[in-house]
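Asker: Mind having a look at this structure? Questions to follow.
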Amino acid sequence: MRVLSIDIETYSSVDIGKAGLYKYVQSNDFEILLFAYSFDNEPVKIIDLAQGEQLPEELVTALFDKNIIKSAYNASFEWYCLNKFYRTPINQWQCTMVKGLYCGYPAGLRAIGNAIGLAEDKKKLSTGTALIRYFCMPCKPTKTNGGRTRNLPKHEPEKWQLFKEYCMQDVVTEMEIKKTLDKIAFPEAEQRLWEIDVLMNSFGVKVDKQLVNGALNIANTRTGELLTEAQQITDLNNPNSVAQLKEWLESETGNQINSLNKKDVPGLIENTDSEKVKRMLEIRQELSKTSTKKYDAMKIAMGEDNRVRGLLQFYGANRTGRWAGRLVQVQNLPQNHLSMLSFARELVKNQNINAIRVIYR
């Protein structure tokens, strides 16, 4: 069976690290900039989509041909990006990253390349990373760049040529990795599990947007109240500053404060006779709570259809094959034993902070 090896470079104004692949691709300004490919280890070719080139008919046909395997490193990225324009079933794809993880190799194209003994030019690697930042992410508008928010090929033609070479080299590296990994049998069951995982992550989980917004608004209101109270107690410009708060506490207690970490604050509360200091430390505890962080993560990763995608990483722990949590980290959600939970949710959705104070204080 023929194999089409692929690597693409893309642009989106969405931060893929914070929001995840799926919201990144769903952005209205998402586009594929470069498409590098090779059929059956032939010399790599590249299509400069950013500058108006079109995919040749042979390549488009291959994307739909069930008799041609599409292969990439972290293939779920290429599959989802390309499926915005060219729909191909996931069972026509193979992922060298997942197979590498199955074999005990580290994640990351460069990391696995080093592990199997491929030569690496560290200067080229750092250049490639800089080129991705330059062409694939929004830029800050300045007087020097004419106030633009994005760098295009025409702004730095020499850099763009280097970027094309970098993209082509990734296909070469991916093919060399595949040659090594093909010596080891990859169970059909693992391939099917990966396919199910990709489909599962692309389908996502529905999130109650009203509940998320309500929880975050209540948290912001409460944070503002606590900061105001802290300023009244301490007369500090920023009572959330560890340095400022340490200095104030030392002045109030006459003792040296070595740490204000979560595990140290309860001891400080227990050992003080000052009600003022005790209250300030209690506020510190409340302000340090991370109980709303998952709501922040949900809001950032939530798509227009109120679904969060990409929550699990297949073979996230490669020695055991276990899934790893991503973005919202659903694998460490705490158990909830709150009575009248549905009623509490309604209060949060309606941002009824006064009722919450009275009932759940």
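Asker: Condition (residue is over 30 Å from E250 (Cα atoms), in contact with a strand residue (DSSP E or B) (Cβ under 9 Å, 6 or more places away or on another chain) and assigned to a helix (DSSP H, G or I)) applied to region 352-360: is it met by at least one residue?
Answerer: no
Asker: Provide a single number: the residues in region 49-63 that are more than 15 Å from V3 (Cβ to Cβ) and surrounded by 17 or more Cβ atoms within 10 Å (Cβ to Cβ).
Answerer: 3
Asker: When you go through Q329, Q335 one by one, which is the residue that is free of Cβ contacts under 8 Å to residues at least 12 places away in the same chain and either touching a Gly at 6+ places or on another chain (Cβ under 6 Å) or over 23 Å from K99 (Cα atoms) (or both)?
Answerer: Q335
Asker: Can you name every residue in region 16-32 that is touching a helix residue (DSSP H, G or I) at 6+ places or on another chain (Cβ under 8 Å), surrounded by fewer than 21 Cβ atoms within 10 Å (Cβ to Cβ) and in contact (Cβ under 8 Å) with a residue 60 or more places away in the chain?
Answerer: Once the filter is applied, which keeps residues that are touching a helix residue (DSSP H, G or I) at 6+ places or on another chain (Cβ under 8 Å), surrounded by fewer than 21 Cβ atoms within 10 Å (Cβ to Cβ) and in contact (Cβ under 8 Å) with a residue 60 or more places away in the chain, region 16-32 yields only K18.
Asker: Given (1) crowded, with 16+ Cβ neighbours inside 10 Å; (2) among the charged types (D, E, K, R); (3) free of Cβ contacts under 8 Å to residues at least 24 places away in the same chain, where does R222 come up short, assuming only one miss?
Answerer: It is condition (3) that R222 fails.
Asker: Same structure again: Of the residues I184, I112, I177, which is aliphatic (A, V, I, L, M), over 24 Å from Y22 (Cα atoms) and part of a loop (DSSP other than H, G, I, E, B)?
Answerer: Result: I184 is the single residue among I184, I112, I177 that is aliphatic (A, V, I, L, M), over 24 Å from Y22 (Cα atoms) and part of a loop (DSSP other than H, G, I, E, B).
Asker: Separate question: Determine, yes or no, whether E78 is within 24 Å of the chain's Cα centre (by Cα), buried (at least 18 other Cβ atoms within 10 Å of the Cβ), of a type in the set (D, E) and in the same structural domain as P153 (by TED's automatic domain parsing).
Answerer: For E78, the condition - within 24 Å of the chain's Cα centre (by Cα), buried (at least 18 other Cβ atoms within 10 Å of the Cβ), of a type in the set (D, E) and in the same structural domain as P153 (by TED's automatic domain parsing) - is met.
Asker: In region 259-274, how many are over 15 Å from W248 (Cα atoms) and more than 32 Å from the chain's Cα centre (by Cα)?
Answerer: 5
Asker: Considering every residue within region 205-219, establish whether at least one is loosely packed, with under 12 Cβ neighbours inside 10 Å and of a type in the set (G, A, S).
Answerer: Looking through region 205-219, none of the residues is loosely packed, with under 12 Cβ neighbours inside 10 Å and of a type in the set (G, A, S).
Asker: State all residues of region 206-255 that are among the charged types (D, E, K, R), assigned to a loop (DSSP other than H, G, I, E, B) and within 30 Å of K349 (Cβ to Cβ); if no residue qualifies, say none.
Answerer: D208 - this is the single residue of region 206-255 that is among the charged types (D, E, K, R), assigned to a loop (DSSP other than H, G, I, E, B) and within 30 Å of K349 (Cβ to Cβ).
Asker: May I pose another question? Please enumerate the residues belonging to region 239-281 that are in contact with a Leu (Cβ under 8 Å, 6 or more places away or on another chain) and of a type in the set (S, T, Y).
Answerer: T272 - this is the single residue of region 239-281 that is in contact with a Leu (Cβ under 8 Å, 6 or more places away or on another chain) and of a type in the set (S, T, Y).
Asker: In this structure, does E158 turn out to be touching a helix residue (DSSP H, G or I) at 6+ places or on another chain (Cβ under 7 Å) and either without any contact (Cβ under 8 Å) to a residue 40 or more places away in the chain or closer than 19 Å to G108 by Cβ (or both)?
Answerer: It is false that E158 is touching a helix residue (DSSP H, G or I) at 6+ places or on another chain (Cβ under 7 Å) and either without any contact (Cβ under 8 Å) to a residue 40 or more places away in the chain or closer than 19 Å to G108 by Cβ (or both).
Asker: Does T180 fit the bill of being in contact with a helix residue (DSSP H, G or I) (Cβ under 7 Å, 6 or more places away or on another chain) and surrounded by 15 or more Cβ atoms within 10 Å (Cβ to Cβ)?
Answerer: no
Asker: Identify, by number, the condition in (1) modelled with pLDDT under 95; (2) among the β-branched types (V, I, T); (3) closer than 25 Å to L162 by Cβ that T88 doesn't meet.
Answerer: Single failed check for T88: (3).
Asker: Can you find a residue in region 61-69 that is hydroxyl-bearing (S, T, Y) and under 19 Å from E9 (Cα atoms)?
Answerer: So far as region 61-69 goes, no, none of its residues is hydroxyl-bearing (S, T, Y) and under 19 Å from E9 (Cα atoms).
The values are calculated or read from the model by the stated rules, or taken from the named source; none is laboratory data. Remember, predicted model here, so these are calculated numbers, not experimental data. Don't worry about glycine lacking a Cβ; one is built from the backbone with ideal geometry, like all the others, and counts go over all protein chains shown.
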